[in-house]
1. When region 42-66 is examined, which residues are found to be under 11 Å from the mean Cα position of the chain (by Cα) and under 19 Å from Thr19 (Cβ atoms)?
2. Might you let me know whether region 41-49 holds any residue that is open to solvent by less than 70 Å² (accessible area, probe 1.4 Å), under 20 Å from Glu68 (Cβ atoms), among the acidic types (Asp, Glu) and at pLDDT 95 or above?
3. Scan region 50-61 for residues that are open to solvent by less than 70 Å² (accessible area, probe 1.4 Å) and either within 17 Å of Thr7 (Cα to Cα) or of a type outside the set (D, E, K, R) (or both) and jot them down.
4. Out of the residues in region 6-36 meeting the condition of being of a type in the set (Val, Ile, Thr) and open to solvent by less than 70 Å² (accessible area, probe 1.4 Å), tell me which one is nearest to the chain's Cα centre (by Cα).
5. Given the chain, what strands (runs of 3 or more DSSP E) lie entirely inside it while holding 2 or more residues that are of a type in the set (S, T, N, Q) and free of Cβ contacts under 8 Å to residues at least 60 places away in the same chain?
Amino acid sequence: MTYEVQTYTICEGWINCGTVDDKPQTFETWAAAQAELDEFFDDIAAEIASGDRAPDEDYDPEDYRIVETSSHA
């Protein structure tokens, strides 16, 4: 099993928006997927704190989830 981070989109519902070499990004463990998601939100918070991003340009964690997939991508 592998895991992927999915983002909720209005048009397509829950999809994997992450890519590596033009292929959907997957992770070997749930913990690795969570670490990637944590880093993403940490980077956004740091950009807001430094003034590189406006406070209203953050993302809602409720729009992200980690799901188990049945095969390697």
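The values are calculated or read from the model by the stated rules, or taken from the named source; none is laboratory data. Keep in mind the model is a prediction, meaning the values are calculated, not measured. Neighbour counts are summed over all protein chains in view; Cβ atoms, including those assigned to glycine, are modelled from backbone coordinates with ideal geometry. When the accessible area is computed, the model is the full protein with side chains, heavy atoms only, and any ligands, DNA or RNA have been set aside. Shrake-Rupley method; radii C 1.70, N 1.55, O 1.52, S 1.80 Å.
1. Scanning region 42-66 gives Tyr59, Asp63, Tyr64, Arg65, Ile66.
2. no
3. Residues satisfying the conditions are Gly51, Ala54.
4. Thr7
5. Counting at least 2 such residues, we get 2-9.
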